[in-house]
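So the structure is just underneath, and the comments pick up after that.
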Amino acid sequence: MSATTSHQPTHREALWELEAAFDRGDLITLFGSCTVTYDGRASSELGEGDRLVILKPDGSALVHTDENQKPVNWQPPGCTHHAAVRNGQLRIRSTRTAPDETLAIHFSRISQLSAYSVTGGRSVDLLGSEEDLKQFLLENPDRIEPGFEPTETERQSSAGPIDIFGYDRDGTPVVVELKRRRVGPSAAGQLARYLTAIREEVGEAVAVRGILVAPSITDRTAALLEAEGCSFVALDPTDPDRSNSTADSGV
């Protein structure tokens with residue numbers, strides 16, 4: 001089992017850690033000062049307080065205080081976790097649609113964030129790693145799109161490191177975000193933040209494109225990519241030679 005732990009991360013650092021942990025399918029624990037709001041079949045609110053939050057890869061979410069063995073709020077397996085930074089807070093939402101329920105946790109301070117690759121019997125190793133996918137694309141850049149030329153990996157930006165940065169056949173800067181499994185809207189949001197960071201560097205007058213590479217995406221993710229003018233390439237890291245590319249303009 002591997003684990004990563006951050007002590008007193010900034011909200012932005014915590015967001016980057018969470019998005020990476022969501023993509024890896026890690027079990028996540030956060031401890032800090034937060035408020036909690038539930039909206040669904042009923043509604044409830046918890047004021048500011050120190051709490052332990054557990055986010056599991058099966059979609060369940062648990063909020064614990066310093067009393068009793070049961071969580072004070074929770075969501076069952078099958079939910080989707082999202083994270084964002086808004087108004088000086090780290091915001092985490094755990095949602096499901098049948099029935100419609102949302103658990104919203106807003107952290108004003110994070111004391112510790114840990115992510116654990118607890119497989120519980122799930123064969124995570126059967127999936128190719130993100131690094132494998134990156135190396136394949138660097139060796140076969142036309143799989144991203146014909147004429148694409150990668151120039152940097154892990155390019156630093158104000159929004160975090162960019163997996164692959166390069167230029168298309170017309171010389172337009174391209175940001176490529178890699179995911180090794182099916183992803184949801186958070187991946188589109190992450191790509192959008194990278195695009196914003198690069199546009200701030202090069203100026204709004206310069207067009208910047210974004211491409212998300214993953215085995216598959218949700219319909220909501222496809223809609224968000226299309227709204228941002230981004231593209232999607234379907235590529236399975238376990239067998240990239242058999243994956244189909246869909247990196248035309250839009251999704």
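Here, each number is a calculation from the coordinates, and none is a lab measurement. What you see is a predicted model, and the numbers here were worked out from it, not measured in a lab. FYI the Cβ positions are ideal-geometry reconstructions off the backbone, even for glycines, and counts take in every protein chain you see.
Between the listed residues Tyr167, Thr153, Val183, the Cα displaced farthest toward the positive end of the dipole of region 150-189, a dipole computed from Cβ unit charges relative to the Cα centre, is found at Val183. Panel order for His81, His7, by other beta carbons found within 10 Å of each beta carbon, from fewest to most: His7, His81. Measuring between their Cα centroids, region 38-116 and region 166-212 lie 29 Å from each other. Report summary: the helix-based calculation at 222 nm, which adds -39500 (n - 2.57) for every DSSP H run with n ≥ 4 and divides by the residues of the chain, gives -6500 deg cm²/dmol.
Rounded, prolate or oblate for region 127-242? Axes are the square roots of the Cα gyration tensor eigenvalues, ordered a ≥ b ≥ c, and the cut-off for rounded is a/c under 1.5. List each step's numbers first, then the result.
Values: a/c = 1.63, a/b = 1.23, b/c = 1.32.
Taking the square roots of the gyration eigenvalues as a ≥ b ≥ c, region 127-242 is oblate.
Can you tell me the relative contact order of the chain? Whole percent, Cα pairs under 8 Å, sequence separation 6 or more. Don't skip to the end; give the middle numbers.
Values: 545 pairs, mean separation 39.0, N = 251.
Computed over the chain, the figure is 16 percent.
Each DSSP beta bridge with both residues in region 127-242 is either parallel or antiparallel, and the antiparallel ones are about 45%. Taking the square roots of five times each eigenvalue of the Cα gyration tensor of the chain, the equivalent ellipsoid has semi-axes of 33, 20, 17 Å, listed largest first.
Starting from the Cα of Lys56, draw a straight line to each of the aspartates and glutamates and keep only those under 16 Å, dropping any in the same chain fewer than 8 residues away. Once the sequence-local aspartates and glutamates are set aside, what remains near Lys56 is Glu17, Glu19, Asp23, Asp26.
Over region 127-242, what is the relative contact order in percent, taking alpha-carbon pairs closer than 8 angstrom and at least six residues apart?
Working: 210 pairs, mean separation 28.4, N = 116.
Over region 127-242, the number comes to 25 percent.
Could you identify which residue out of Gly203, Gly32, Gly189 has the top mean-square fluctuation in a GNM of the chain using Cα springs shorter than 10 Å? Greatest mean-square fluctuation among the candidates belongs to Gly203. List the aspartates and glutamates whose alpha-carbon lies under 14 Å from that of Lys134, not counting same-chain residues fewer than 8 positions away? Hits, sequence-local ones excluded: Asp142, Glu149, Glu152, Glu154, Asp163, Glu177, Asp236, Asp239, Asp241.
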